[in-house]
1. Going through the range 61-75 one residue at a time, which ones are within 26 Å of Ser27 (Cβ to Cβ) and either over 18 Å from the mean Cα position of the chain (by Cα) or of a type in the set (Gly, Ala, Ser) (or both)?
2. Take the residues in the range 72-95 that are of a type outside the set (A, V, I, L, M), surrounded by 13 or more Cβ atoms within 10 Å (Cβ to Cβ) and at pLDDT 85 or above; name whichever of them is farthest from Met1 (Cα to Cα).
3. For the range 14-42, enumerate the residues that are farther than 25 Å from Leu97 by Cβ and at pLDDT below 75.
Amino acid sequence: MEIAYGTWESSIQLLSKNMYALSKYNSGTAVQWKHLRANTEMSKTLNYIFWAFMPCVDGFRHCRKIISFDDTHLYTKYKHKMLIAVTLDANNQVIPLAFAIVDEETSDFWK
């Protein structure tokens with residue numbers, strides 16, 4: 001797996017570059033993240049990352065005004081969790097609204 005996808009640490013180091021590309025090539029996409037400094041100057045640890053694709057957010061105006069939230073554990077070295085907000089359109093199709101990866105699940109991260 002590491003040969004194909006790299007390590008968790010190398011992925012975190014590329015996070016800002018990847019999120020910049022995500023927002024650049026998906027106009028209007030909201031991206032926010034926070035790193036925590038690790039014990040070395042060049043090393044960072046992920047605290048959270050949030051992203052929402054603008055077409056999905058714009059489409060929410062035409063959906064039911066009910067949002068469902070769910071989370072799943074990411075079974076990695078650091079035990080992060082992925083939070084997902086979705087809604088249903090008029091045809092009962094699931095529309096993703098926002099995604100987040102957090103180091104721990106708290107009410108602050110849900111906000």
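1. Correct list: Arg61, His62, Cys63, Arg64, Lys65.
2. Here the answer is Asp89.
3. Leu36, Arg37, Ala38, Asn39, Thr40, Glu41, Met42
The values are calculated or read from the model by the stated rules, or taken from the named source; none is laboratory data. All figures in this text were calculated on a predicted structure; none of them were measured in a lab. Counting neighbours? That spans all protein chains shown, and the Cβs are built from the backbone with ideal geometry, glycine included.
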